[in-house]
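First the structure, in the form of structure tokens, and then the observations on it.
The values are calculated or read from the model by the stated rules, or taken from the named source; none is laboratory data. Being a predicted model, the structure only gives us computed values, none of them experimental. We place every Cβ from the backbone using ideal geometry, glycine too, and count neighbours over all the protein chains shown. For accessibility, only protein heavy atoms count, side chains too; no ligands or nucleic acids. Shrake-Rupley method; radii C 1.70, N 1.55, O 1.52, S 1.80 Å.
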Amino acid sequence: MKQQLINFKAIFDGDFHMDNLHRLLYATDASVYRILPLAVAYPKTSKGIKQLIQFASINNTSLIPRTAGTSLAGQCVGEGIVVDVSRYFTEIISVDEKNKTVTVHPGVIRDELNTFLEPYGLFFGPNTSTSNRCMIGGMVGNNSSGTTSIQYGVTRDKVLQLKTILSNGEEVTFNALSEEGFKDKMASNTLEGDIYKTLFNELSPIDIQEEIRKEFPKPEIHRRNTGYAIDSLLPTNVFSAAEKEINICSLLCGSEGTLAFTTEITLQLDDLPPSHTAIVATHYNTLENCLNDVNNVMSHNLYTCELMDDVILDCTKKNKKYEAYRFFVEGTPRALLLLELKADTEADLNTQTEALLNSLAASGLSYATPVLKGEAIVMAMELRKAGLGLLGNMIGDNKAVACIEDTAVALPDLPAFIGEFTALMQKYNQKAVYYAHAGAGELHLRPILNLKEKEGVEFFRKITTDVAKLTKKYKGSFSGEHGDGIVRAEFLPMLIGENNYAILERIKKAFDPQNILNPGKIVKAYKMDESLRYEGNRVEPDIQTLLDFKDSEGILRLAEKCNGSGDCRKSHHQEGTMCPSYQATKNEKDTTRARANALREVLTHNEAINKFDSEELKEVFDLCLSCKACASECPSNVDIATAKLEFLYQYNQANGATRADTLFAKSSVYNKKASQFPKISNWMFSNSISSNLIKSIGGIAKQRSLPKISSKTFSKLHKSKVNQIVANNESIILFIDEFSNYLEAPLANDAFELLVDLGYNVSVVDHLDSARALLSKGFLKEAKTHINTNVAFLKNKISENTPLLGIEPSAILGFRDEYLRLADDFDSAETIAKNTFLIEEFLASEIKKGRITSAQFTSKAKAIKIHTHCHQKAMSNQKVTFDILNLPQNYAPTIITSGCCGMAGSFGYEKEHYEVSMQIGELKLFPAIRKAPNDVIIAANGTSCRHQIKDGTNREALHPVTILRRALI
């Protein structure tokens, strides 16, 4: 087969990968399954898909369609060729404003589609928790629905037409047909004709239709994905007296790519929802009270009715991003409902809200009902959306497992179903996670299991089996929106009856006689307790690290926290920074998820003595900018930036560091030497001959300018003040990092003078190296030496009354991050960390206390555009920078929603990374700066950010401290 794959790659219209890394990365999705594929393909056109189908047919293999890979049931894994259409099939093809339809490629992201449609006053209603990265093709494959289904229905309700390629390469368009049109299709001597004939013969008999109605879920359950939706074809003009035209798209929706390969999708759109919104967040002491209130609240015109339990809410306490989103939570609720109301006017909204509150008061089941509006709604819904990912915050091997997380029952059955479900869980000594689209009767219930142990796997099957039987008892749907995949397909014969299941098998054979398209899903299913990510009762690898990963119980379990939810695949059009390399390349390899998956795979299966000695890890970490966004934006807090430091250290132990890496790692040593002869040094850095030689030696891109050495270091400017520690309640210690001291002494001076002029007793420490450059290149032993020196020097000097302030975010925030993983004296390091602040954080807190006022600054008007350092976004917040620049009376700062600048310390200097670095800058930051008038001040607190802005836009950016000092009266 290897030679056939090589030959195919040469002619394939797209990108084709057979290497071990890509196969590892596509062996998993967001489910518990792991199957190594044969290869990974990214077709550029329909021709490429036809080539893949032909290849699979000739070579007896299969194709696994994939978009964002966020499937929870294993739909996107398999032994054949994974076909990822998310890279090239991304066009919004056309909009029909009159008929309110849009035609798209399957790789269009749901939220980005709605952003595009907003000027037309239209939107696509189904709204999944992954809407900022999930794609329309995946939503069709799973028949997705999300929070809005109680108002806008599910994806099946919206699909008007599908342009597909069948398993023999025929291009076929499916859409609504009259009875006569259906018969015309049956007469065709093609595979399409065979499909229509099969459907007609299978579903026409009255007794068959009765059997289907008897065994399939109750018709009022609109969220249903139990096998192929043959029941949806019955109430149409072909199989009944109904006037509704038959549309095979109803069958294809939810078919998980097992029947046809979709290339274009036409959707029915809705008018934009009313603009005035409120959410009532009802709090309950018991789950029973919460569930018993659902019928009550659903008598109102709700747009959303979502349930979260205390397990989910507790996960938010440990998340750097989402902890702040708990602001509306009162006390310790066992569960809460998010009830969304909408109206065209504020008066109508208030009337609806009051009526809902009256109903809640009358039921007496809730103990708190805060009403949220504006930005508070966005935060609450983001908290809810993050729910499934937040479950990855569970430290250790016990995880909330997706297997029974998608059951849907009729609303009146919900309390009784939950009661029996709870009793079932108690039988297995389980405390399940309750996370639900309560208004639609759909429950995302997850048992907490250890699938590394045989007992956990046995419970996995037993619990799933028992819940399948319970769902059947209530005539519910075992899959409401997440699909059957691997985890549920095995139970379909029991759920819909053997006779109906046999019909599904014959329909599959009609569409796909050779079983090319996504085999093992829906029919002839893989076993649900095989091909898991982990081998049962395995011997856990012993991974020794220099960094302390005890907060994740080791680096391997840090990687295992990634559940594949794909938050790192959101594009630059969405808020946040994660993941800048993916946003530039659109390559799965460059996501946080890919790095976590590769790390898990290699540390688990690599038989080398040094398990980190892996070319796959080297490749997957190569474009990681260490922005740390994953540590805060990933719901599971998978801190890949820190894992990268350990990888670099371990890899260098086995292979040695490159000359360029050594030069960057020890840059502060060389900058210190250069500062002794600044004029000569700067001449060499700017002269074309000498600078090109330096760039060549250092592996620096020729397009880059080299940073200049300050004519006088800060130490020389303030020699008399160095290390004068004055301990009193008004003292602060200013840490002059190595970047500010040698490269930007005027900035360090601005920081010192600003604090002094504002009345603070400032002491200076400028002889210590933050170790940032050493850390960034994996020189952990050398960094550890500096860190221990720094902690020893500062431990008796830093306290709540004498904080440590820093100028450069990457340098000062290391005291709150890596120092806690490397310092021998952890207790002292922790005390220092708690009292270490960005200078902006300190100034913002002093402004809030009233100790700094606008009266101390100019009243002249100035406009300012702010870009903040990635480490600040991840470990602090941007608002502090905004707040200090907003203090002068007529200053008008705005924050650029810029993500990462792309420089990331040495990353953007390196010749192999220069192009990607500039691509990242061009995503948002550079265009925003170019649009700013010349009199607008550009503020950036990162030294590498300012350099990137200069190289990318030819604009000078200033540190906020410099701007504020110049504003002093």
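The table below lists the values:
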read-out: Scan of the stretch 464-492 for residues that are aliphatic (A, V, I, L, M), within 29 Å of the chain's Cα centre (by Cα) and not in a loop (DSSP other than H, G, I, E, B), ordered by number; value: ALA489
read-out: Some residue of the stretch 402-413 being in contact with a His (Cβ under 9 Å, 6 or more places away or on another chain) and under 20 Å from ASN285 (Cβ atoms); value: no
read-out: Unique residue being buried (at least 20 other Cβ atoms within 10 Å of the Cβ) and aromatic (Phe, Trp, Tyr) when the list is PHE116, PHE89; value: PHE89
read-out: Any pair with Cβ under 7 angstrom, 6 or more apart, that starts in the stretch 825-846 at a residue that is closer than 12 Å to GLY814 by Cα and ends at one that is of a type in the set (Gly, Ala, Ser) and open to solvent by 20 Å² or more (accessible area, probe 1.4 Å); value: LEU838/SER876
read-out: Hits in the stretch 879-899 (condition: open to solvent by 50 Å² or more (accessible area, probe 1.4 Å) and part of a strand (DSSP E or B)); value: ALA892, THR894, ILE895
read-out: Sole exception among (1) open to solvent by 10 Å² or more (accessible area, probe 1.4 Å); (2) in contact with a Ser or Thr (Cβ under 6 Å, 6 or more places away or on another chain) for ASN518, by number; value: (1)
read-out: Whichever residue in the stretch 713-744 is in contact with a His (Cβ under 9 Å, 6 or more places away or on another chain) and of a type in the set (A, V, I, L, M) and, among such residues, is modelled with the highest pLDDT; value: ILE736
read-out: Output for the stretch 920-949, where each listed residue is crowded, with 16+ Cβ neighbours inside 10 Å, touching a Ser or Thr at 6+ places or on another chain (Cβ under 7 Å) and in a helix (DSSP H, G or I); value: LEU925, PHE926, ALA928, ILE929
read-out: Breaking point among (1) of a type in the set (Val, Ile, Thr); (2) in a loop (DSSP other than H, G, I, E, B); (3) open to solvent by 10 Å² or more (accessible area, probe 1.4 Å), for THR266; value: (2)
read-out: Odd one out for VAL378 among (1) in contact with a Leu (Cβ under 6 Å, 6 or more places away or on another chain); (2) free of Cβ contacts under 8 Å to residues at least 24 places away in the same chain; value: (1)
read-out: Hits in the stretch 382-431 (condition: among the acidic types (Asp, Glu), at pLDDT 90 or above and open to solvent by 20 Å² or more (accessible area, probe 1.4 Å)); value: ASP397, ASP413, GLU420
read-out: Residue satisfying all of: in the stretch 756-787; open to solvent by less than 40 Å² (accessible area, probe 1.4 Å), outside any loop (DSSP other than H, G, I, E, B) and without any contact (Cβ under 8 Å) to a residue 60 or more places away in the chain; farthest from SER667 (Cα to Cα) among these; value: VAL762
read-out: Failed item in (1) open to solvent by 10 Å² or more (accessible area, probe 1.4 Å); (2) at pLDDT 95 or above; (3) under 15 Å from ALA596 (Cα atoms), with GLU633 passing the rest; value: (2)
read-out: Residue satisfying all of: in the stretch 18-62; of a type in the set (A, V, I, L, M, F, W, C) and open to solvent by 40 Å² or more (accessible area, probe 1.4 Å); nearest to SER129 (Cα to Cα) among these; value: LEU36
read-out: Those residues of the stretch 314-344 which are more than 22 Å from LEU360 (Cα to Cα) and open to solvent by less than 20 Å² (accessible area, probe 1.4 Å), in sequence order; value: CYS315, THR316, ASN319, TYR322
read-out: Checklist (1) open to solvent by less than 50 Å² (accessible area, probe 1.4 Å); (2) among the polar types (S, T, N, Q); (3) farther than 30 Å from GLY564 by Cβ applied to SER145, failing item; value: (3)
read-out: Scope the stretch 897-923; condition polar (S, T, N, Q) and more than 22 Å from the chain's Cα centre (by Cα); matching residues; value: SER906
read-out: Some residue of the stretch 585-602 being charged (D, E, K, R), surrounded by 23 or more Cβ atoms within 10 Å (Cβ to Cβ), in a loop (DSSP other than H, G, I, E, B) and at pLDDT 95 or above; value: no
